[in-house]
Amino acid sequence: MLHIHRRPLSLAALAVSALLLAGCGDGGDGGAGEDGATAPADTSAPAQDTATPDDSASPGEDATGDGTAAPSGSASPSGSPGADSTAGAGGEAAVVSSAVAAAQDAVGDDARAFEIAREDSPASWQIAVASGDREHELYVSQDGEDVISQEEEGGLDSDDREKLARVQVSLEDGLSTALETVNGTLDEAQLETEDGSTVWEVEIDEPDGNSVDVFVDVENGSVLKIDR
């Protein structure tokens, strides 16, 4: 009889032990975070902290705060063809005036230029300058800055002396008037007689290739006529 009563007690003890073990298993899962172990759920989805493709700037663009590309620093194509050369009548007149002034300064205080011509080889201005009764020939760089060469040609001829005596408007002013009247580049200019008047005959090459002669009165600076 004693043996029969001891067996049920052993079964009950086993049941209690099973419950205790189950409880320990549940407690172990909850304590994983407390002892510093990283649970699998905590290592997932780090992508939430990274930028999505929509938030990043596209290749080659500087990102602004609103996601749009910053304006590029490249210059707009505002320059016309041949923008490295002097543009417009004002620029051409300034270069020519500078060349004439450089030639006159090289000759002396009483120097007066009375002819100018564009030379292609070397690229320069050929300028005739009168000083007293002497004529000087100079070559000035095409930008009008430097005198390349200078030579005295001898005495002025009587025709040039007579025309120079009538000049009240300088060669620079006559060239400026002509280039304001006709858009183009200067080919040459000289003292001439036209319809009984002494004039600066200024030959200008227009952008389309046409050659135009502008006649500027040396006494009052007016344009007497234009030949196309």
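Please express the shape of segment 88-227 as an equivalent ellipsoid: the semi-axes are the square roots of 5 times the eigenvalues of the C-alpha gyration tensor, given largest first in whole angstrom.
In descending order, the three semi-axes are 22, 20, 12 Å.
Give me the number: length gained by fully extending SER211 to ARG166, i.e. 0.36 nm times residue separation minus the C-alpha to C-alpha distance, one decimal in nm.
Result for the pair: 13.5 nm of gain on full extension.
Calculate the spin-label point distance for ASP195 paired with GLU180, positioning each point 7 Å from the Cα along the beta-carbon direction, and give it in nanometres.
That separation, rounded to one decimal, is 2.0 nm.
Can you list the equivalent-ellipsoid semi-axes of segment 166-228, largest first and in whole Å, using the square root of 5 times each Cα gyration tensor eigenvalue?
19, 11, 9
Given a Förster radius of 22 Å and the C-beta distance between ASP120 and ASP227 as r, what FRET efficiency does 1/(1 + (r/R0)^6) yield to the nearest 0.05?
0.40
Taken together, the values in this text are just the output of simple stated rules run on the coordinates, not laboratory data. Since the model is a prediction, treat every value here as computed from it, not as a measurement. No Cβ is skipped: glycine too gets one built from the backbone with ideal geometry, and neighbour counts run over all protein chains shown.
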